[in-house]
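Visitor: Below you will find the structure I want to go over with you.
Any read-out appearing in this document is the output of simple, stated calculations on the displayed coordinates, not a laboratory observation. This one's a predicted model, so the numbers in the text were calculated from it and none came from an experiment. Neighbour counts are summed over all protein chains in view; Cβ atoms, including those assigned to glycine, are modelled from backbone coordinates with ideal geometry.
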Amino acid sequence: MTPSSLLLSGAVILTALLAIVWWLRHSLRGLDRVIAAIPLAFAISYLSSFLFRAPDYQAGCEGICPGWWGYPLATHVNDGIGTPKFAPAGFILNAGIYYTAILVFSAIIVLLAEWLHWSERRRRWRIGFVLAAVLVPLALLPTFAPARQPQLSGTYQRLAINAERAWRWQLQSNRFSDRRLVVEDVRLHPNGELHRICFRAYTWFYLPHDKIYVDLEPTGVRAAGGGVIPLSESCWVQP
């Protein structure tokens, strides 16, 4: 494991231990909730391999760089020819991150509910609380939490920024459902002159919605066109 992975693992373990101690001391059913969070965390880690997928890419690479599945860490890594290989360490550490997040987030919700006197409230108020404190923050996750994407720099980064700006403003395609655009790759247009940038679009609750491609003029500033395609299609075979 790399030093950054070791540091992340240590931080996750320490935070999880503190959260476990809090739950055990705070509630008579704390142990049940601590245990119940384990399969839930592994299930979410598994689900992330379907929701967050980055295909092999060329931007900033000498040849082809392998893509991945999973978030925030890769649960699968492509072999460079499009075949994903399961990464046990990434999957387990991913589950650990989700486990910690579940315990911490649920503890915050419990404290907030107690502060607002949950036990004294009526059903209608409780439903409103769950919507406001749980569902709304989860729905807005893609608005505030960045997704993992190829690490672009220099010209590639500039093209990606200009393409996203052009999609939202010049092409007037700022769809309400697009909560987060994540770059998949930056390549030359099939005609060999324009630049094409491919994005994976996520909507509420970080659900993948579709793909978006933007074609920039040779200067890389203004858009010459763009479009929306299903997730199953490729940006690089579009006319």
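Visitor: Give the angle, between 0 and 90 degrees and rounded to the nearest 10, that separates the Cα long axis of helix 154-165 from the longest principal axis of the Cα atoms of the chain.
Guide: Compared with the principal axis, the helix lies near 80 degrees.
Visitor: Still on this structure, please answer the following. Which FRET efficiency value, to the nearest 0.05, do you get for Ser234 and Gln170 by plugging their Cβ-Cβ distance into 1/(1 + (r/R0)^6) with R0 = 30 Å?
Guide: Efficiency at R0 = 30 Å is approximately 0.80.
Visitor: What percent of all Cα-Cα pairs in the range 97-239 falls in each 5 Å bin, counting up from 0?
Guide: Result returned by the calculation: 2, 9, 16, 17, 14, 10, 8, 7, 7, 5, 3, 2, 0, 0.
Visitor: Oh, and also: What's the FRET efficiency of Ala145 with His117 using the Cβ-Cβ distance as r and R₀ = 30 Å, to the nearest 0.05?
Guide: 0.45
Visitor: OK, next. Using a ≥ b ≥ c from the Cα gyration tensor of the range 154-237 (square roots of the eigenvalues), is it rounded, prolate or oblate, where a/c under 1.5 gives rounded and otherwise the larger of a/b and b/c decides, a/b for prolate?
Guide: Prolate, since a/c reaches 1.5 and a/b exceeds b/c.
Visitor: Could I ask something else about it? Hey, what did the range 3-139 get for relative contact order, percent, Cα under 8 Å, at least 6 apart?
Guide: Here the relative contact order equals 20 percent.
Visitor: On to the next question. Give me the orientation-averaged projected area of the Cα convex hull of the range 1-58, in nm², one decimal.
Guide: One quarter of the hull surface, i.e. the mean projection, equals 5.7 nm².
Visitor: Using only the alpha-carbon atoms, how far is helix 88-115 inclined from the longest principal axis of the chain? Give it as 0 to 90 degrees, nearest 10.
Guide: Taking Cα atoms only, the helix is inclined about 50 degrees.
Visitor: Based only on the alpha carbon positions, what is the Kirkwood hydrodynamic radius of the range 28-91, in angstrom?
Guide: Result for the range 28-91, one decimal place: 13.1 Å.
Visitor: In what order do Val77, Val214, Val21 fall by count of nearby beta-carbon atoms within 10 Å, going from fewest to most?
Guide: Starting with the residue having the fewest Cβ neighbours, the order is Val21, Val77, Val214.
Visitor: Taking springs between alpha-carbon atoms closer than 10 angstrom, which of Ile81, Ile102, Ile127 fluctuates most in the Gaussian network model of the chain?
Guide: Comparing Ile81, Ile102, Ile127 in the GNM, the peak value goes to Ile127.
Visitor: Spelling out what I want: for every residue of the range 175-182, take phi, set θ = phi - 60°, compute 6.51 cos²θ - 1.76 cosθ + 1.60 (Karplus), and round to whole Hz; glycine and proline get x.
Guide: Running phi through 6.51 cos²θ - 1.76 cosθ + 1.60 with θ = phi - 60° gives 5, 5, 7, 7, 8, 7, 9, 10 Hz.
Visitor: Once the Cα atoms of helix 3-26 and of the chain are each reduced to a long axis, what angle between those two axes, in degrees from 0 to 90 to the nearest 10, is obtained?
Guide: With rounding to tens, the tilt is 30 degrees.
Visitor: Ok, one more. Could you tell me the relative contact order of the chain? Use alpha-carbon pairs under 8 Å, at least six residues apart, and round to a whole percent.
Guide: 14
Visitor: Using C-alpha positions alone, give me the convex hull volume of the range 3-139 per residue in cubic angstrom.
Guide: It is 135 Å³ per residue.
Visitor: Would you tally the net charge around Ser232, using a Cβ to Cβ cut-off of less than 15 Å, leaving Ser232 out, and scoring K and R as +1, D and E as -1?
Guide: Once positives and negatives cancel, what remains is 0.
Visitor: Enumerate the amide H contacts of Thr75 below 5 Å, restricted to partners 5 or more residues apart or on another chain; note that Pro and chain-start residues carry no placed amide H.
Guide: Trp69, Gly70
Visitor: Also, quick follow-up: Show me the three semi-axes of the equivalent ellipsoid for the chain, from the C-alpha gyration tensor (sqrt of 5 times each eigenvalue), largest first, rounded to whole Å.
Guide: In descending order the semi-axes read 39, 23, 13 Å.
Visitor: If you don't mind, another one. What is the set of long-range amide H partners of Asp210 at a cut-off below 5 Å, with H atoms built 1.01 Å from backbone N?
Guide: Result for Asp210 returns Ala201.
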